[in-house]
Amino acid sequence: ESGCGKSTLGKTMMMLEKATGGQVLFNYGGEFRDITKFNAKEMFDFRKKVQMVFQDPYSSLNPKMNVLQNITFGLTANQVPRDEACRRAYRYLDAVGMQKSFLNKYPNSLSGGQRQRVAVARALAMEPKIILADEPVSALDKSVQAQVLNLFHDLQKEFGISIIFISHDLSV
């Protein structure tokens, strides 16, 4: 149901919100550890391995950055050299079915489906083990929803990543 805490659970799993109880366990170095007890280095490593794609692709992208900057920002913040960050941006933008001609466009000039594809490319660029997708298609029309869900399925097979879907729509 709406309002039952699905998104809160996802944000808690990503340490974007603090848990009020319980544990969030993650396989870190071969053992399951509570991420709420990670030190700074462990949290840094965790955040590279687990990425999130949010419900609203427009508010999750920086409107003052073009597509290339949105995709490479997290990489350069994690000391990935600029040329490698750009290489990954090209690779994953292509993987989500968008041409390089979109790299200089800004989020406000993209459709909802294109914005969500950029958000997915940004998550993939970190080369995570897990993507947490919080209602990733609810802001999109039905035909685009199917395209994005098929995209997630294809990416899961191609890159061998796990994708956790948070959704109240059981048909997703």
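The values are calculated or read from the model by the stated rules, or taken from the named source; none is laboratory data. In this text, all values refer to a predicted model and were calculated from it rather than measured experimentally. Note: ideal-geometry Cβ built from the backbone for every residue, glycine included; neighbour counts use all protein chains shown. For the accessible areas, the whole protein counts, side chains as well, though only heavy atoms, and no ligand, DNA or RNA atoms are used. Shrake-Rupley method; radii C 1.70, N 1.55, O 1.52, S 1.80 Å.
Mind checking the dipole of the range 32-172: about its Cα centre, +1 per Lys or Arg Cβ, -1 per Asp or Glu Cβ, Debye to the nearest 20?
Values: 19 positive and 14 negative charges, 90 e Å.
Roughly 440 debye, rounded to the nearest 20.
With Cα atoms defining each centre, the range 14-54 and the range 98-146 are spaced 24 Å apart in the structure. Among R88, R122, R47, the residue with the largest mean-square fluctuation in a Gaussian network model of the chain, with springs joining Cα atoms closer than 10 Å, is R47. Between the amide H of F165 and those of A133, distances stay under 5 Å, these residues lying 5 or more places away or on another chain, with hydrogens modeled in the peptide plane. Think of the range 58-172 as having a plus end and a minus end, set by charges on the Cβ of Lys, Arg, Asp and Glu; of Q147, P136, V118, V118 sits farthest toward the positive end of this dipole.
Result for the chain in a Gaussian network model with C-alpha springs under 10 Å: among V67, V53, V144, the largest mean-square fluctuation is at V144. Over the chain, accessible surface divided per residue gives 55 Å², non-protein components excluded, 1.4 Å probe.
Within the chain, the longest run free of exposed loop sites, counting GluC sites (Glu not before Pro) that sit outside DSSP helix and strand states (H, G, I, E, B) and have at most 13 other Cβ atoms within 10 Å, spans 18-172. Remark: spin-label model distance D94-M15 equals 3.4 nm, labels positioned 7 Å along the Cα→Cβ axis.
Computed over the chain, relative contact order equals 26 percent, with contacts defined as Cα pairs under 8 Å that lie 6+ residues apart.
Beta-bridge orientation, the chain: approximately 30 percent antiparallel, per DSSP, counting only bridges with both partners inside.
For the range 4-106, which whole-number percentage of the solvent-accessible area (1.4 Å probe, protein heavy atoms only) is attributable to carbon and sulfur atoms?
Working: 3230 of 6070 Å².
Reported share for carbon and sulfur atoms: 53 percent.
The candidate values were (1) 150; (2) 130; (3) 109; the one computed from these coordinates for volume of the Cα convex hull per residue in Å³ carries the label (2).
Say R0 is 25 Å: what FRET efficiency, to the nearest 0.05, do Q23 and A77 get from their beta-carbon distance? Please report the intermediate quantities before stating the final value.
Details: r = 28 Å, r/R0 = 1.12.
FRET efficiency, Q23 to A77: 0.35.
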